[in-house]
Amino acid sequence: MTQAEITPPLFSKDTDTKGALEVLEWAYETYGDKLVYACSFGIEGIVLIHLIAQVKPDAKIVFLDTDLHFKETYETIERTKERYPTLQIELKKPTLTLEQQANEYGDELWKTAPNQCCNIRKIEPLQEVLQASDAWISGLRREQSETRAKTEFVNDDPRFKSTKICPLIHWTWKDVWRYVSKYDLPYNILHDQGYPSIGCEKCTVPAFTMDDLRSGRWQGKGKTECGLHG
Ligand code: SF4
């Protein structure tokens, strides 16, 4: 099914979940098993998993495992698996191990060429996952950054020749935390230690201002996105 053949309905943001549950219901009805959630297991990811589990308890969820994540992130994944045992959570590895990458491109590629490192460890694995899917879900929120401010619920994604579904676009940081607290969701404890946005350990430090929730990512590297979202 191509995106041209699909016309999504107009979703209202004036619902309990600001449209998120309705978007997910439509997306799973439309794409079925050809819909995958690429989850980073950050705080938005935990909210989405809770919502997805209500709509499709055996949904396919993929974590791009760069081998460079914080141990707290891997612990969060384990706790999530315990809470939602019916979800199919897969850790997708890059083709190259860290050792092979160092041999081929040099040590600590994240310092010398972070775009290339993200390409090998995130973009190519996601491309592989999406080749077997018609659409993917992402936890982008409009308020996260200027580059995300125009995200829609349903987005054409030419980069991955796919369709990107973003149910949380209207959620604020407060909405996210209210939801986590209401349902006592398991989350990454680094969020309590000054990390609003958590990526690979090599490229993430605490945010220097809560006005910019992604300010702790790739500091000093002139980079704000890993390439999954533009
Ligand atoms: S976030 Fe950093 S360590 Fe992770 S893949 Fe990208 S450049 Fe490499």
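The values are calculated or read from the model by the stated rules, or taken from the named source; none is laboratory data. None of the values given here were measured: they were computed from a predicted structure. Every residue, glycine among them, receives a Cβ derived from its backbone with ideal geometry; neighbour counts consider all protein chains shown. Ligands, DNA and RNA are excluded from the accessible area calculation, which covers all protein heavy atoms including side chains. Shrake-Rupley method; radii C 1.70, N 1.55, O 1.52, S 1.80 Å.
Those residues that are surrounded by fewer than 17 Cβ atoms within 10 Å (Cβ to Cβ) and outside any loop (DSSP other than H, G, I, E, B), I need them from segment 4-20; list them, please.
Matches in segment 4-20: A4, E5.
Here are some conditions: (1) out of contact with any strand residue (DSSP E or B) (no Cβ under 8 Å at 6 or more places or on another chain); (2) without any contact (Cβ under 8 Å) to a residue 24 or more places away in the chain; (3) under 30 Å from E104 (Cβ atoms). R159 meets all but one. Which one does it not meet?
(2)
Away from the ligand (no atom under 16 Å from the Cβ), of a type in the set (D, E, K, R) and in contact with a helix residue (DSSP H, G or I) (Cβ under 8 Å, 6 or more places away or on another chain), is that true of K202?
no
Within segment 119-129, take every residue that is open to solvent by 10 Å² or more (accessible area, probe 1.4 Å) and away from the ligand (no atom under 11 Å from the Cβ) and give me the one that is nearest to I46 (Cα to Cα).
So, considering only residues that are open to solvent by 10 Å² or more (accessible area, probe 1.4 Å) and away from the ligand (no atom under 11 Å from the Cβ), the one nearest to I46 (Cα to Cα) is V129.
Would you be able to tell me the number of residues in segment 163-188 that are modelled with pLDDT of 95 or more and either open to solvent by less than 10 Å² (accessible area, probe 1.4 Å) or of a type in the set (A, V, I, L, M, F, W, C) (or both)?
Residues in segment 163-188 being modelled with pLDDT of 95 or more and either open to solvent by less than 10 Å² (accessible area, probe 1.4 Å) or of a type in the set (A, V, I, L, M, F, W, C) (or both): 12 in total.
Which numbered condition trips up D14, out of (1) out of contact with any helix residue (DSSP H, G or I) (no Cβ under 6 Å at 6 or more places or on another chain); (2) touching a residue at least 12 places away in the same chain (Cβ under 8 Å); (3) over 11 Å from I165 (Cα atoms)?
Looking at each condition in turn, D14 falls short on (2).
Hey, does segment 80-89 have a residue that's touching a residue at least 12 places away in the same chain (Cβ under 8 Å), within 13 Å of the ligand (Cβ to nearest atom), of a type outside the set (A, V, I, L, M) and open to solvent by 10 Å² or more (accessible area, probe 1.4 Å)?
The answer is no; no qualifying residue exists.
Going by the structure shown, is T76 of a type in the set (V, I, T) and open to solvent by 70 Å² or more (accessible area, probe 1.4 Å)?
Working: of a type in the set (V, I, T): yes; open to solvent by 70 Å² or more (accessible area, probe 1.4 Å): no.
The answer is no for T76.
Being surrounded by 14 or more Cβ atoms within 10 Å (Cβ to Cβ) and closer than 19 Å to C39 by Cα, is that true of even one residue in segment 94-114?
Within segment 94-114 (the criterion being surrounded by 14 or more Cβ atoms within 10 Å (Cβ to Cβ) and closer than 19 Å to C39 by Cα), the answer is yes, since at least one residue qualifies.
If you take the residues in segment 31-57 that are in contact (Cβ under 8 Å) with a residue 60 or more places away in the chain and over 29 Å from E72 (Cβ atoms), which one is surrounded by the most Cβ atoms within 10 Å (Cβ to Cβ)?
Within segment 31-57, the match that is surrounded by the most Cβ atoms within 10 Å (Cβ to Cβ) is Y31.
Tell me, which residue of segment 58-73 that is outside any strand (DSSP E or B) and β-branched (V, I, T) is surrounded by the fewest Cβ atoms within 10 Å (Cβ to Cβ)?
If we filter segment 58-73 for residues that are outside any strand (DSSP E or B), which is where we start, we get 58-59, 65-68, 70-73.
Filter once more, so that each one left must be β-branched (V, I, T): 66, 73.
Numbers: T66: 23, T73: 21.
Among them, the one singled out is T73.
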